[in-house]
Amino acid sequence: MNLRAASKPRQFIMFHKPKGVIVTLSDESSRKTVYDILPRFVLEDKWRPVGRLDRDSRGLLLFTQEGELINRLTQPGQYSKIYEVWIRGRISEEQLRQTLKGVKTAIGILKLKRVEVLGCAGPKTRLLVTLLEGKNRHIRRIFGSLQDPQFHTPLKVLDLKRIQIGTIKLDIPSSRWRFLTHKEEKALIQGTAY
């Protein structure tokens with residue numbers, strides 16, 4: 001066992017954010033925040049989230065105490081983020097191609113880095129989506145701007161779960177947390193989007 005590595009403080013916490021919880025220090029409306037679920041030391045020792053997940057989204061969220069690492073990991077184009085997404089409706093091959101080229105939304109043209117259909121269940125479609133940058137409600141805005149080719153209703157994101165950031169894959173149950181290993185931290189810090 002490497003004693004130097006064992007004594008080195010951890011730089012990241014992995015958290016599996018559940019749906020319905022907001023990513024903020026405190027909320028004026030008294031809604032439940034991630035800090036209500038995480039151990040007290042996370043708030044007291046000033047661990048801050050790396051990026052965001054909106055209230056209706058769930059999945060992988062990283063925390064660190066180092067502002068420089070937050071800036072590096074949230075810089076557009078540096079690290080890929082992968083999501084499992086369920087949408088209401090079916091999406092055509094042409095629409096899939098359009099999401100890669102750019103879709104006109106209320107906040108401008110947004111696009112995905114990659115998108116893959118994993119399967120369908122009734123009127124729902126399951127997708128694997130990769131982003132290199134994430135604007136506010138990026139994935140929801142893209143699909144909400146497209147229409148189901150058969151029913152001509154807007155596609156709607158029903159469930160959005162982030163499963164990977166860079167080299168780090170979500171591997172814990174909802175509402176649980178753990179420190180990243182030194183090996184995971186090194187791979188994440190040295191890694192890039194691909």
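Is the C-alpha gyration tensor of the range 81-165 telling us rounded, prolate or oblate? Criteria: a/c under 1.5 is rounded; beyond that, a/b larger than b/c is prolate, otherwise oblate. Spell out each step's value before the answer.
Values: a/c = 1.60, a/b = 1.15, b/c = 1.39.
Since a/c reaches 1.5 but b/c is at least a/b, the shape of the range 81-165 is classed as oblate.
Tell me, R31, R141, R40 in order of fewest to most beta-carbon neighbours within 10 Å? It would help to have the intermediate numbers written out before the result.
Values: R31 13, R141 18, R40 8.
Starting with the residue having the fewest Cβ neighbours, the order is R40, R31, R141.
Within the straight-line cut-off of under 14 Å between alpha carbons, the aspartates and glutamates reachable from K8 are E184, E185, sequence neighbours fewer than 8 places apart in one chain being disregarded.
If R0 is 25 Å, what FRET efficiency do you get for E116 and I189 from their C-beta distance, rounded to 0.05?
Details: r = 28 Å, r/R0 = 1.11.
About 0.35, to the nearest 0.05.
Within 13 Å, Cβ to Cβ, of I82, how many net charges do the neighbouring residues add up to if Lys/Arg are +1 and Asp/Glu are -1? Residues near I82 contribute +4 overall.
When the chain is treated as a Gaussian network with alpha carbon springs shorter than 10 Å, the biggest mean-square fluctuation among P76, P39, P18 belongs to P39. Here the extension length gained between K8 and S145 equals 44.6 nm, from 0.36 nm per residue of separation less the Cα-Cα distance.
Remark: relative contact order (the range 81-165) = 44 percent; criterion is Cα-Cα distance under 8 angstrom and separation of 6 or more residues.
In the chain, Cα pairs under 8 Å separated by at least six residues give a relative contact order of 28 percent.
Around E66, what is the net charge, scoring Lys/Arg as +1 and Asp/Glu as -1 over all other residues with Cβ under 13 Å from its Cβ? In short, +1. Extending 7 Å from the Cα toward the beta-carbon at both D159 and E93 defines two label points whose distance is 2.8 nm.
From the alpha carbon centroid of the range 9-48 to that of the range 143-194 is 18 Å. Between R126, R178, R52, the residue with the greatest mean-square fluctuation in the GNM of the chain (Cα pairs under 10 Å linked by springs) is R178.
When the chain is treated as a Gaussian network with alpha carbon springs shorter than 10 Å, the biggest mean-square fluctuation among Q150, Q11, Q164 belongs to Q150.
No value in this document is a laboratory result; all are computed from the given coordinates. This structure is a prediction, so every number in the text was calculated from the model and none was measured. We place every Cβ from the backbone using ideal geometry, glycine too, and count neighbours over all the protein chains shown.
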